[in-house]
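Worksheet: one structure, shown below.
The values are calculated or read from the model by the stated rules, or taken from the named source; none is laboratory data. None of the values given here were measured: they were computed from a predicted structure. Don't worry about glycine lacking a Cβ; one is built from the backbone with ideal geometry, like all the others, and counts go over all protein chains shown.
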Amino acid sequence: MEILHDSGKYQFTLAKKECVSLELKLNVSSKGKLWSHIATILFEFGTGVPTALESITVTDDQYEFLLRLLSKRSWEECRDV
């Protein structure tokens, strides 16, 4: 899955397993409910749903936050993020 910055300047790619991990991290974070649509897209791609999107475009805030979550070792470390 590709995560695209809405400016078109930045992007990163995640494997299916990484998508599930990031989805879990996002769900327990302070943005979990607000950005649940992103978590759903990550989950669907990561679990192989046939109709899952293969990329998502996010805002600057979302992009930076997702990168921050990716830097954490586990979802437990994301509870206070």
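Counting residues in the range 45-53 that are on the phi > 0 side of the Ramachandran plot, at pLDDT 95 or above and in a loop (DSSP other than H, G, I, E, B) gives one or more. Residue count for the range 1-49 under the criterion of being closer than 18 Å to GLU76 by Cα and acidic (Asp, Glu): the result is 2.
Of the residues in the range 19-40, how many are touching a residue at least 40 places away in the same chain (Cβ under 8 Å) and surrounded by 14 or more Cβ atoms within 10 Å (Cβ to Cβ)?
Residues of the range 19-40 touching a residue at least 40 places away in the same chain (Cβ under 8 Å): 21-22, 24-30.
Narrowing the set further to residues that are surrounded by 14 or more Cβ atoms within 10 Å (Cβ to Cβ) leaves 21-22, 24-29.
Of the residues in the range 19-40, 8 are touching a residue at least 40 places away in the same chain (Cβ under 8 Å) and surrounded by 14 or more Cβ atoms within 10 Å (Cβ to Cβ).
In the condition set (1) under 18 Å from LYS72 (Cα atoms); (2) over 9 Å from the mean Cα position of the chain (by Cα), ALA52 is compliant with all but (1).
Taken together, the criteria exclude SER74 from residues that are without any contact (Cβ under 8 Å) to a residue 60 or more places away in the chain and touching a Leu at 6+ places or on another chain (Cβ under 8 Å). If you go through the range 54-77 and keep only what is surrounded by 14 or more Cβ atoms within 10 Å (Cβ to Cβ) and part of a strand (DSSP E or B), you end up with ILE56, THR57, VAL58.
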